[in-house]
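Below you'll find the structure, written out as structure tokens, and then a few comments.
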Amino acid sequence: MSEIMALKSASTEELLKRYKELYGEDAGSNHRLYLWRKVAHKLQEREHGALSAKARNRLKTLIEEYDPINNKALRPDKPAPRIPAIAKDKRLPIPGTVITKEYKGAKYQVKVLEKGFEYQGKIYKTLSAIAKEITGSHWNGYLFFNL
């Protein structure tokens, strides 16, 4: 563990050298964080052992079943499985709730609807659109309304 932490401050050249020692080939990347993670992983694998064949097979099964992006990238001839509809964002309060925001001395109120938001009698799809209406510049709506 201390060797891994010591590598955190190593130069890119040192990490490249250590990568080659551990993997027996060039890294193909000069990205420090990538190199540190790969070297750390290999050192942990040497100290604690690699995943068992059973664990690797289970991981592969889970990727095939639940990860449509990697599933498609790894098997482009096989269609990605359908993902169930994503539930409403958990940061949002229930429909009917009025979100209040004080900005530059003025108080603004937005009503949460089943699909969208109501501000000054007008319906908006996103909180970001309302934040832009209020400020005149782009804001992340969740950040602007502190959700």
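Miscellaneous remarks
- Total residues in segment 118-147 satisfying the condition of being over 26 Å from the mean Cα position of the chain (by Cα), surrounded by 14 or more Cβ atoms within 10 Å (Cβ to Cβ) and hydrophobic (A, V, I, L, M, F, W, C): the figure is 1.
- Extreme residue, farthest from the chain's Cα centre (by Cα), among residues of segment 23-36 that are of a type outside the set (Asp, Glu) and loosely packed, with under 12 Cβ neighbours inside 10 Å: 24
- Filtering segment 38-67 to residues that are exposed (fewer than 11 other Cβ atoms within 10 Å of the Cβ) and either part of a helix (DSSP H, G or I) or basic (Lys, Arg) (or both) leaves 46, 47, 48, 53, 54, 55, 61, 62, 65.
- Complete set of residues in segment 4-21 that are among the hydrophobic types (A, V, I, L, M, F, W, C) and without any contact (Cβ under 8 Å) to a residue 24 or more places away in the chain: 5, 6, 16
- Of all residues in segment 108-124, exactly one satisfies the criterion of being in a strand (DSSP E or B) and among the polar types (S, T, N, Q), namely 109.
- Where a residue in segment 109-137 is farther than 20 Å from residue 89 by Cα and its partner, wherever it lies, is of a type in the set (Val, Ile, Thr) and in a strand (DSSP E or B), with Cβ under 6 Å and at least six apart: none
Just so you know, all these numbers are worked out from the coordinates, no wet-lab data involved. Note that the coordinates shown come from a computational prediction; the quantities given were computed from them, not determined experimentally. FYI the Cβ positions are ideal-geometry reconstructions off the backbone, even for glycines, and counts take in every protein chain you see.
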